[in-house]
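**Q** Below are the structure tokens for one structure; questions will follow.
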Amino acid sequence: MPSSAPAKDRNRILLKLSGEALMGAEPFGIDPSILDRIAAEIKELVDKDVQVGVVIGGGNLFRGEKLAKAGMNRVAGDHMGMLATVMNSLAMQDALERLRVGTRVMSAVSLTGVCEDYDRRYALRFMREGQVVIFTAGTGNPFFTTDTAACLRGIEIDADVILKATKVDGVYSADPNKDPEAVRYDKLTYNEALEKQLGIMDLTAFCLARDHNKSIRVFNMNKPGALIKAVIEGSEGTLISCE
Ligand SMILES: Nc1ncnc2c1ncn2[C@@H]1O[C@H](COP(=O)(O)OP(=O)(O)O)[C@@H](O)[C@H]1O
Ligand SMILES: O=c1ccn([C@@H]2O[C@H](COP(=O)(O)OP(=O)(O)O)[C@@H](O)[C@H]2O)c(=O)[nH]1
């Protein structure tokens with residue numbers, strides 16, 4: 001059995017990509033040029049010896065909540081949402097492998113012949129070997145989000161930081177897509193974000209990260225180079241931490 005014993009020898013990050021980040025200007029699905037650009041930025045990190053774990057959302061394809069509003073059973077809808085994250089993950093694995101980056105897709109639900117089952121110890125070993133590990137199918141349970149999955153896996157693999165790559169360039173005093181007066185924060189504590197009811201992440205994800213003292217940096221994935229800056233310089237977007 002692989003061991004998780006050796007001390008962390010390199011930087012390790014957990015990158016959360018929203019499904020919509022893969023959509024680009026398309027109304028649905030995946031824009032191949034965006035996929036390739038993000039894969040190239042991930043490769044740059046791997047080339048700099050950063051250990052990279054990735055969680056990808058499925059909102060560009062299906063969301064259980066939306067399907068339930070249209071009349072579908074919520075659990076069935078969430079299962080579709082989780083499978084949507086698997087499709088995105090396979091697309092990202094393909095893009096990374098075309099760049100010769102070793103990539104494993106590890107799923108929270110068994111999909112024999114499609115990808116591997118999630119195993120924390122193997123995931124750590126693969127990352128130490130310089131392979132990218134994509135944690136797919138969210139937490140494997142309905143009623144959760146991939147933001148929560150990102151916090152969960154980020155805590156499990158002891159990532160230095162959870163990077164939430166999204167369409168906005170940080171956390172604002174209100175949803176910037178609805179309030180043009182909203183101002184962006186450079187830094188925030190979890191308690192401030194909770195008190196102000198800032199809707200950038202769901203409460204389950206927030207509370208999990210807070211309770212396990214994991215920082216989250218929210219930044220704009222549409223900005224070329226922002227991922228590298230967020231990891232290497234610790235700048236870009238908004239940092240949410242315990243203090
Ligand atoms: N206080 C806030 N600061 C920044 N973005 C916010 C805030 N409140 C809500 N949002 C919304 O959160 C979205 C980013 O979250 P994300 O998880 O990537 O998207 P989604 O919730 O659509 O999957 C933004 O597009 C923005 O509309
Ligand atoms: O642990 C999880 C993670 C995700 N989902 C489902 O998968 C969908 C896609 O994930 P998410 O909405 O988090 O994607 P994102 O907004 O990041 O694109 C969700 O709407 C849920 O229906 C789920 O049921 N359990």
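**Q** Taking only the alpha-carbon positions of segment 181-243 and ignoring solvent, what does the Debye formula give for the base-10 log of I(q)/I(0) at q = 0.16, 0.21, 0.28 Å⁻¹?
**A** -0.54, -0.88, -1.24
**Q** Next up: Based on other C-beta atoms within 10 Å, arrange 23, 221, 72 from fewest to most. Display every interim value, and only then the final one.
**A** Details: 23 19, 221 27, 72 15.
If I rank by nearby Cβ atoms, fewest first, I get 72, 23, 221.
**Q** Between segment 43-62 and segment 69-86, how far is it from one alpha carbon centroid to the other, in angstrom?
**A** 23
**Q** Mind checking the alpha-carbon convex hull of segment 118-243 and giving the volume per residue in Å³?
**A** Values: hull volume 14.9 nm³, N = 126.
Given the Cα convex hull of segment 118-243, per-residue volume reads 118 Å³.
**Q** Comparing 228, 162, 38, which has the greatest mean-square fluctuation in the GNM of the chain with Cα pairs linked when under 10 Å apart?
**A** Result for the chain, Cα springs under 10 Å: 228 fluctuates most.
**Q** Could you tell me what percent of the DSSP beta bridges with both partners in the chain are antiparallel, to the nearest 5?
**A** Percent antiparallel among DSSP bridges in the chain is about 10.
**Q** Let me ask something else about it. Expressed as a whole number of Å, what is the distance separating the alpha-carbon centroids of segment 118-160 and segment 175-237?
**A** If you average the Cα positions of each part, the centres end up 20 Å apart.
**Q** Relative to the Cα centre, what is the charge dipole magnitude of segment 12-241, using +1 at the beta carbon of each Lys and Arg, -1 at the beta carbon of each Asp and Glu, and rounding to the nearest 20 debye?
**A** Details: 28 positive and 31 negative charges, 39 e Å.
Computed charge dipole of segment 12-241: roughly 180 debye.
**Q** For the residues 147, 211, 169, what sequence is obtained by ranking on other C-beta atoms within 10 Å, fewest first?
**A** 211, 169, 147
**Q** Suppose only helical runs count, i.e. DSSP H with n ≥ 4. What mean residue ellipticity at 222 nm does that imply for the chain under -39500 (n - 2.57) per run, divided by all residues and rounded to the nearest 500 deg cm²/dmol?
**A** Counting only the DSSP helices, I get -11000 deg cm²/dmol.
**Q** Where does each of 173, 89 land when they are ranked from fewest to most other beta-carbon atoms within 10 angstrom? Could the numbers behind the result be given before it?
**A** Values: 173 13, 89 25.
Fewest to most other Cβ atoms nearby, the residues stand as 173, 89.
**Q** Additional query: Which whole-number percent gives the relative contact order of the chain, counting Cα pairs below 8 Å spaced six or more residues apart?
**A** Computed value for the chain: 21 percent relative contact order.
**Q** Can you tell me which of 58, 29, 81 moves the most in a GNM of the chain? Springs connect C-alpha atoms under 10 Å apart.
**A** In the Gaussian network model the winner is 29.
**Q** Specify the residue with the greatest mean-square fluctuation among 132, 168, 105, computed from a Gaussian network of the chain linking alpha-carbon atoms under 10 Å apart.
**A** Among 132, 168, 105, the largest mean-square fluctuation in the Gaussian network model of the chain belongs to 168.
**Q** Here is a further query. May I ask you to give the average projected area over all directions of the convex hull of the Cα atoms of segment 12-241, in nm² rounded to one decimal?
**A** Reported value for the Cα convex hull: 12.0 nm².
Just so you know, all these numbers are worked out from the coordinates, no wet-lab data involved. Nothing here was measured: the structure is a model prediction, and the numbers come from that model. Neighbour counts are summed over all protein chains in view; Cβ atoms, including those assigned to glycine, are modelled from backbone coordinates with ideal geometry.
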